[in-house]
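The values are calculated or read from the model by the stated rules, or taken from the named source; none is laboratory data. The model shown is predicted, which means the values in this text are computed figures rather than measured ones. A quick note on method: Cβ atoms are made from the backbone with ideal geometry, for glycine too, and the neighbour counts reach across all protein chains shown.
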Amino acid sequence: MFPPKALFLIQATAAGAGKTIMSSIIIDDLRQTCPKASILYIFHQSAAAQRPQTLQLCALALLRQVLGKDPKFTVPNELLRVLVLNHDSVERLPPYQLLRPSLMQAIQQPDLVYLVIDALDEYHVGDVAAQTELVQELPTLGVKLLVTSRFQVPFKQGNAGSCKMSAFPDDVRAFITQRMENSYLGEILSRSDGLLHEVRNAAVD
């Protein structure tokens, strides 16, 4: 199921089109069809995140996944000491430039390494500089990369491919309903008879 190109974008046409479901399906398929490969992933959820993700937090998440999968891989003692001392403070965590060599060492394995980045559009919403930095860094990692996003991703390196995925109106309506019902706005709208239903249908249409 994973596209043959080294870089591939699945571009969703709207929120609720199924980006995260597609990412989960691809990860499960890779685990079954490529048992020797390392499958790494990052799911971006800006609305639910207590703190915005950064390059360093993405690198730490990937390192943790590699450490859990490969007991032979070790983190350099100096970096490990810094992580242990500062694990409770994002501000004092080592910068990405210090983490990157260990990350590159971790993913340079004889077997294939796949990296699935879900909902790239949720990464630092509105911060073009941060998004550009991440998009420029991802292809340099040398892994087979699949990204889902509502927006086109301007990869500058590698042989990139893309496709678009759409959702049926009922799928979008279910997504919007879930988001509204679990939000403060939804609570306010539901106090007026029929208003939540009206707003939801207007958003879908």
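Being free of Cβ contacts under 8 Å to residues at least 12 places away in the same chain and over 18 Å from GLN109 (Cβ atoms) is the filter here; which residues of segment 25-43 pass it?
To start, the set of residues in segment 25-43 that are free of Cβ contacts under 8 Å to residues at least 12 places away in the same chain comprises 28, 31-32, 35.
The answer is ASP28, GLN32.
Being at pLDDT below 80, more than 22 Å from ALA160 (Cβ to Cβ) and not aromatic (Phe, Trp, Tyr) is the requirement here; does GLN56 meet it? Working first, answer last.
Numbers: at pLDDT below 80: no; more than 22 Å from ALA160 (Cβ to Cβ): yes; not aromatic (Phe, Trp, Tyr): yes.
No; evaluated as a whole, the condition is false for this residue.
Could you run through segment 38-53 and say how many residues are at pLDDT below 85 and either of a type in the set (A, V, I, L, M) or surrounded by 14 or more Cβ atoms within 10 Å (Cβ to Cβ) (or both)?
Initial filter on segment 38-53 (at pLDDT below 85): 44-53.
If we keep only those that are either of a type in the set (A, V, I, L, M) or surrounded by 14 or more Cβ atoms within 10 Å (Cβ to Cβ) (or both) too, we end up with 44, 46-49, 52-53.
Number satisfying all stated conditions: 7.
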Taking segment 97-136 on its own, how many of its residues are surrounded by fewer than 17 Cβ atoms within 10 Å (Cβ to Cβ) and either of a type in the set (Asp, Glu) or outside the structural domain of LEU62 (by TED's automatic domain parsing) (or both)?
-> 3
